[in-house]
Amino acid sequence: MGLEELAESLGQNVLTTTLGKVVGWGRGNSVWPAQFGLACCAIEMIATATAGVDIARFGSEAMRASPRQSDLLIVSGRVSQKMAPVLRTVFDQMPEPKWVISMGACASTGGVFNNYALLQGVDKIVPVDVYIPGCPPRPEDLLNALMILQERIKAQGIQPRQ
Amino acid sequence: MSTPEGVTIVKTGEKGHFGGEILTVNFGPHHPSTHGVLRLIVDLDGEMIRGIKPVIGYLHTGIEKQMEALRWQQGVVVTDRHDYLSPPINNLAYALAVERLMGVEVPPRADALRVIMSELTRLSSHLVWMGTSGLELGAMSMLMYCFRERDTILDMNEEISGFRMHTSYIRPGGVFADATPRFLEMLDKFIGEMPGHIDEYEDLLTMNPIWRARTIGIGRLSPEDAKVLGATGPMLRGSGVAWDLRKTMPYSGYENYDFEVATSNDCDCYGRYLVRIREMREAVKILRQALDRLPDGPVNVDDRKMLPPPREELETSMEAVIHHFKLFTEGYSVPAGDVYVAVESGRGENGCYIVSDGTHKPRRVKFRAASFANLQALERMALNHMVADMIAIIGTADTVLGDVDR
Amino acid sequence: MISDQLIIDRGVSAGDEWITVPAESVHEALAALRSDGYRLLTFLTCVDHLADHSREWPFRFEIVYQLRNLETREQLRVRTFIDGDPPRIDSVHDLFPPANWDERETYDLFGVVFNDHPDLSRILMPDDWVGHPLRRDYPVGGETVEFSEEHERWQTAPDEA
């Protein structure tokens, strides 16, 4: 086989890209959320996993019961002062790289409950990548947030988190 | 107090019946099958539960304090969110309490719409319960079927109130708005289809050997215990006590509907499942009657001191503008006094105790949460069962942690 | 039968019957009512009457017991007034098992101490929390809302302003 023929056959079978793009593509399309439901939004999170909305189209149907196996923490609902240390522990147990979606008004800002019992925004204890407004947001909103997150993960590639 | 006869509680380190030591194990608050953020401290003798202590408060939202800081009509929004699987029923308890203190009667059409929303909510609440409990006991397809119908109900919520879950539809003085023709069409179609869907769920579960093996004889609660422990709703009716507030202490015109109180004498998890299935069938019956006999007329009381004037009046009447301005800057005040109103939610007695000091904000609002009392019966039900059965027991108790912790 | 000597006052509020009993004999009164058929304690709670000028209150804290007779479907509200630091009252968990958690909740949120309660500890708030949030002199808390006069009043205690 001559060199020219070899180059031609490689061109038909091999794709060239950067390592970052491959890793980002792989990570972005298999984001596994932790199964961590808190309040009302958790019901809509479950609804996102059912046949009508079907989060499996985006590779995120594998809700892991153990934080050790998950990449994404969906904070679905209000976080009380008593729950805050638990939430932080769950987040700390997740392996890098990891992302956080703050689902709904309560998780993002405290929502309608501006009082002593609730953490006024989960971003006080964990870094949040995507905020979703709504009380609770529709399942489609969660899908949209996941798509935004996927774009970010793909753009991030193998760069460590800033 | 709630230890059954003949059971001795043993502590960590003591010798168990199977040769090993008693082990204290922590479940939760982040555990996939504890229905939210419930934490349990369980004493285990091998696989057997010898002691169980729920630790709650991980979803304490300060709702009762928040209500004291909000005006009477603003509080409706907060009531939606304590038992987040049955928002309109929470609204109803609060609205009825405020109306009782003010001495206001809502028009018949509002009552009928309230009944329709309550029954739709009961259906969606039971559907969520059945889907998630099925998921926990291994019947995963239940989730897909149940959430399909739940979505239909939420679409109807959206049509009538503009919001999927937390509708704030039922308010003191009536309801948010009249039902649209499209809502009534959707409801008619839904009532026609729902009995077939309930048959479908029964095909999947009622005679399913795995479901039966995991629920029959599990989590027994005798009628006497259920009454003494303050259990209400399907927990009480699943123990054979025909106590349903819609029949025993009717509100919103429930006495005019023909329906039966679903009970089961099984006294176990399977009995509670049967009660919920029957309740869903009865709810469809009530919906049919309510829709067929829906009276005409206004949906709000005609009281400008309590509810804002209609939009058209604002352009022509100075008085209407003043009323509107006063209502939205100051709110209305409720005569001093206290009242307790209880309604039947999907979980049991959902009560609202209100104390007014005559100002435009409540002095105290206490929600009597059905799950809070039902969860106390957990110890009685779970002792001497296997750890895996505990999941079935918590599942059929149908605790909503938002309701427990408020 | 509950003896008339135990009843200080009785009345009807918005259709609900109520009686007032002295705080020191609340256990005795509830035991008598329980043997009269009021076997279910629907709920137990506390109302803080700090700076409530709408009516005359003997003491600051009002403990409310809502009882129900499952046979006759009658309801009765039993009130009693206490004061002190901390306010103290007898526990009724031995008469009505659901009172166990209700009393813990009242202790947690109002700081009312129930004598002879088997496990009087915080139930809703974290164990190391300071203060009793549902008291009227405890601020609502949360974050300041810009341009909201009302919320500034929440930051301080609502009834001291």
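For the reader, a short list of remarks on this structure follows.
- Dipole magnitude for chain B: computed about the Cα centre from +1 point charges on Lys and Arg Cβ and -1 point charges on Asp and Glu Cβ, it is near 880 debye.
- Tilt relative to chain C, helix C:26-35 - C-alpha long axis, 0 to 90 degrees, to 10: 50 degrees
- Pairs from the list B:Lys247/B:Lys305; B:Lys285/B:Lys305; B:Lys53/B:Lys247; A:Lys82/B:Lys326; A:Lys21/A:Lys98; A:Lys124/A:Lys154 with a Cα-Cα gap above 28 Å: B:Lys247/B:Lys305; B:Lys285/B:Lys305; B:Lys53/B:Lys247; A:Lys82/B:Lys326.
- Whole-Hz couplings from phi, Karplus 6.51/-1.76/1.60, listed for the stretch C:98-114; x for Gly and Pro: x, 5, 3, 6, 4, 5, 5, 5, 5, 5, 5, 8, 10, x, 7, 8, 9
- Amide H contacts of C:Cys46 (H built 1.01 Å from N, under 5 Å, at least 5 apart or other chain): C:Val64
- Whole-Å distance, taken between Cα centres, linking the stretch A:116-159 and the stretch C:88-108: 42 Å
- Fraction of the pair-distance distribution of the protein assembly as shown above 40 Å, Cα-Cα pairs, percent: 33 percent
- Interatomic Cα distance distribution for chain A, bins of 5 angstrom, percent: 2, 9, 17, 20, 17, 12, 7, 4, 3, 3, 2, 2, 1, 1, 0, 0
- Extending 7 Å from Cα along the Cβ direction at C:Asn115 and again at C:Asp9 yields two label points whose distance is 2.3 nm.
- Positive-end extreme of charge dipole, the stretch C:29-158 - chosen from C:Leu134, C:Phe114, C:Gln66 (charges on Cβ): C:Gln66
- Cα-derived Rg to Rh of the stretch C:4-125, Kirkwood definition: 0.95
- Each residue of the stretch C:126-139 was assigned a 3J(HN,Hα) from its phi angle through the Karplus expression (A = 6.51, B = -1.76, C = 1.60, θ = phi - 60°), giving x, 4, 9, 5, 9, x, 10, x, 7, 5, 6, 9, 9, x Hz with x at Gly and Pro.
- Folded to 0 to 90 degrees: helix B:181-205 orientation relative to chain B principal axis, Cα: 10 degrees
- Karplus-derived HN-Hα couplings along the stretch B:310-319 (A = 6.51, B = -1.76, C = 1.60, θ = phi - 60°), whole Hz, x at Gly and Pro: x, 4, 4, 5, 4, 7, 10, 10, 5, 4
- Remark on B:Val55: its backbone amide H falls under 5 Å from those of B:Arg39, B:Leu40, B:Ile41, a criterion applied only to residues 5 or more positions apart or on other chains, H modelled at 1.01 Å from N.
- Near the amide H of B:Ile218, within less than 5 Å, lie the amide hydrogens of B:Cys269, B:Tyr270, all on another chain or at least 5 residues away, with H placed in the peptide plane.
- Dipole size of chain C about its Cα centre, with +1 on Lys/Arg Cβ and -1 on Asp/Glu Cβ: approximately 580 debye, rounded to the nearest 20.
- The stretch B:223-275 and the stretch B:343-395 have their alpha-carbon centroids 15 Å apart.
- The protein assembly as shown: calculated mean residue ellipticity at 222 nm from DSSP helix runs of at least 4, using -39500 (n - 2.57): -12000 deg cm²/dmol
- When only alpha carbons are used to place a centre, the stretch B:130-156 and the stretch B:55-115 end up 26 Å from one another.
- Dipole moment magnitude, nearest 20 debye, the stretch A:31-156 about Cα centre, only Lys, Arg, Asp, Glu C-beta charged: 280 debye
- Longest site-free stretch - chain C; sites: GluC sites (Glu not before Pro), DSSP loop, at most 16 other Cβ within 10 Å: C:75-142
- Among beta bridges identified by DSSP and lying wholly in the protein assembly as shown, the antiparallel ones come to about 75 percent.
- Rounded if a/c under 1.5, otherwise prolate or oblate - the stretch B:215-255, Cα gyration tensor axes: prolate
- Here the relative contact order of the stretch A:37-162, from alpha carbon pairs under 8 Å that lie six or more residues apart, stands at 26 percent.
- 17 Å reach of a label modelled at B:Glu202, 7 Å along Cα-to-Cβ, counting backbone N of the stretch B:208-237: B:208-209, B:212
- Surface accessible to a 1.4 Å probe, C:Val12 within the full protein complex, Å²: 100 Å²
- Zone of B:Thr248's modelled label, taken as backbone nitrogen in the stretch C:1-44 under 19 Å from a point 7 Å along Cα→Cβ: C:16-17, C:33-44
The values are calculated or read from the model by the stated rules, or taken from the named source; none is laboratory data. This is a predicted model, so every value here is computed, not measured. Ideal geometry is used to build each Cβ from the backbone, glycine not excepted, and the neighbour counts take in all protein chains shown. Just the protein is used for accessible areas: all its heavy atoms, side chains included, with ligands, DNA and RNA removed. Shrake-Rupley method; radii C 1.70, N 1.55, O 1.52, S 1.80 Å.
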